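Reading through the structure tokens given below for one structure.
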Amino acid sequence: MTFPVTVHSSNGQFEAALVGAPEVRAIASTREEALAALESAIARRLDQGELVALEVRRRGLAGLFGKYRDDPSLREICEAAYQERDADVQE
């Protein structure tokens, strides 16, 4: 698995932190040691629970985009609307 982390130096040490969960972090004298310690901290967290991907559905109009793209009645409704529009234009 790959996780985004930030690494920065401060007061002669390196701090590595998990993006989105700043409480999961490690401080060490070298960048490599900080990353290794952070990897261990993440592994411990994963051992305590389950890693899942959660998709949050869009709300409002954005939630409707593509919702009915495979609905055959939508094509019929569109064609009827186009025919009505074209009839109004010709009159």
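The values are calculated or read from the model by the stated rules, or taken from the named source; none is laboratory data. Remember, predicted model here, so these are calculated numbers, not experimental data. In this analysis, Cβ positions are derived from the backbone assuming ideal geometry, glycine residues included, and neighbour counts consider all displayed protein chains. These area figures cover heavy atoms from the full protein model, side chains too; ligands, DNA and RNA do not enter into them. Shrake-Rupley method; radii C 1.70, N 1.55, O 1.52, S 1.80 Å.
For the range 67-90, state whether one or more residues are in contact with a Phe, Trp or Tyr (Cβ under 6 Å, 6 or more places away or on another chain), open to solvent by less than 100 Å² (accessible area, probe 1.4 Å) and modelled with pLDDT of 80 or more. Within the range 67-90, one or more residues are in contact with a Phe, Trp or Tyr (Cβ under 6 Å, 6 or more places away or on another chain), open to solvent by less than 100 Å² (accessible area, probe 1.4 Å) and modelled with pLDDT of 80 or more. Contact map, the range 74-86: residues that are without any contact (Cβ under 8 Å) to a residue 40 or more places away in the chain paired with residues that are among the aromatic types (Phe, Trp, Tyr), Cβ distance under 9 Å, separation 6+ or inter-chain. Pairs shown: LEU74/TYR68.
Checked against (1) in contact with a helix residue (DSSP H, G or I) (Cβ under 7 Å, 6 or more places away or on another chain); (2) not in a strand (DSSP E or B), ILE27 passes all but condition (2). Checking each residue in the range 37-64 for being open to solvent by 100 Å² or more (accessible area, probe 1.4 Å), assigned to a helix (DSSP H, G or I) and not basic (Lys, Arg) picks out GLU39, ASP47, GLN48, LEU61.
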